[in-house]
Amino acid sequence: MHHRKISLTIDGRRVVSEVEPRMLLVQALREVFGVTGPHIGCETGRCGACTVLVDGQAMKSCMMLAVQVCDVEITTAAGLAQDGVLHPLQQAFHERHALQCGFCTPGMLCAAVDLLAETPRPTETEIRAGLRGNLCRCTGYQHIVEAVAQAAPAMALQGI
């Protein structure tokens, strides 16, 4: 099978590689570029563990081919922190104990960034609806919802 060259920016770092045309974005991120935050979960787009930001929008990377994202900017949960300072969502997840095993956390953070970009001051119902595509088997969601609500004012204040 012929490989295709792709170039993209991952967490602020420009990368170029050749990938098989059928390779999923999540596989390329993990296996080709060494980015381990997005997790391979269901591989059907149902769990959200692979969610990343593609040009600022939350996307399930198991539902995209790597060749579809040439010349885009991908932000993973690891790329949310700036200069060693946690992103307000990361800080709130820590303070509110919104993670247990951590498997869903990277995808949940990316989904929450997109949610808060669209709805800066969401209600609890809006938070739950905005995160419904990301499953968590450990926390019961309440702490995650509280963390997103806590981060919203700080993100709005910072303009992020």
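Things worth noting here:
- Of all residues in the stretch 112-136, exactly one satisfies the criterion of being under 17 Å from the mean Cα position of the chain (by Cα), exposed (fewer than 14 other Cβ atoms within 10 Å of the Cβ) and either acidic (Asp, Glu) or not assigned by TED's automatic domain parsing to the domain that holds residue 96 (or both), namely 118.
- Count of the stretch 56-72 residues, restricted to those that are surrounded by fewer than 22 Cβ atoms within 10 Å (Cβ to Cβ) and either at pLDDT below 95 or over 15 Å from residue 112 (Cα atoms) (or both), is 8.
- Selection count where residues are more than 20 Å from residue 34 (Cβ to Cβ), of a type outside the set (A, V, I, L, M) and buried (at least 24 other Cβ atoms within 10 Å of the Cβ), scope the stretch 89-110: 2
- Enumerated helices (runs of 4 or more DSSP H) restricted to the stretch 58-160, each holding at least 2 residues that are among the polar types (S, T, N, Q) and farther than 19 Å from residue 41 by Cβ: 88-95, 142-158
- For residue 139: the one exception among (1) over 18 Å from residue 58 (Cα atoms); (2) surrounded by fewer than 18 Cβ atoms within 10 Å (Cβ to Cβ); (3) β-branched (Val, Ile, Thr): (2)
- Count of the stretch 10-19 residues which are touching a residue at least 24 places away in the same chain (Cβ under 8 Å) and more than 17 Å from residue 58 (Cβ to Cβ): 2
- The set of residues from the stretch 11-35 being surrounded by fewer than 16 Cβ atoms within 10 Å (Cβ to Cβ), touching a Leu at 6+ places or on another chain (Cβ under 8 Å) and in a loop (DSSP other than H, G, I, E, B) comprises 21, 22.
- In the stretch 31-41, the count of residues that are at positive phi and at pLDDT 95 or above is one or more.
The values are calculated or read from the model by the stated rules, or taken from the named source; none is laboratory data. Nothing here was measured: the structure is a model prediction, and the numbers come from that model. So basically every Cβ, Gly included, is an ideal-geometry build from the backbone, and we count neighbours across all protein chains shown.
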